[in-house]
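To start, the structure itself, in structure tokens.
What follows is calculated from the coordinates using simple rules that are stated; it is not laboratory data. These numbers were taken from a predicted model, which means no experiment stands behind them. Note that each Cβ is placed from the backbone with ideal geometry, even for glycine, and that neighbours are counted across all protein chains shown.
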């Protein structure tokens, strides 16, 4: 992203803007990191890379990472999955063997 350093947001693609937003959030070293469709504007490869970064941040810094997504495959990397239906919690699943982002479709 170094080449984007002197650009304004309107000069970057949606995916570049999204990656910069994620980097800015991580720079603050939060205790809880919320991601609303963090891979939404990214291609599959970049999406997996972003998810791997979020998994690594969780493990290394013990940051709680909460991802909101409509992609059911992303749930496979989570420790806990909370399904919401019609604004209410429908189901909570504990995943004892989360997949690596590189292993999801």
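Some values worked out for this structure:
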| quantity | calculated |
| --- | --- |
| Coordinate range along principal axes, alpha carbons of the chain, Å, largest first | 44, 30, 26 |
| Nearest 10 degrees, 0 to 90: helix 44-61 Cα axis against the chain principal axis | 70 |
| Dimensionless Rg ratio for the range 1-50, taking C-alpha atoms and the 2.2 N^0.38 Å reference | 1.16 |
| Cα long-axis angle, helix 14-27 against the chain (0 to 90 degrees, to the nearest 10) | 80 |
| At R0 = 22 Å, FRET efficiency that the Cβ-Cβ distance of residue 13 and residue 73 yields, to 0.05 | 0.40 |
| Length-normalised contact order for the chain - Cα pairs under 8 Å, 6+ apart - percent | 21 |
| Net length gained if the chain between residue 29 and residue 91 were fully extended (0.36 nm per residue, minus Cα distance) | 19.3 nm |
| Among 52-63, 25-36, the order from most to least packed when residues are scored by Cβ within 10 Å on average | 52-63, 25-36 |
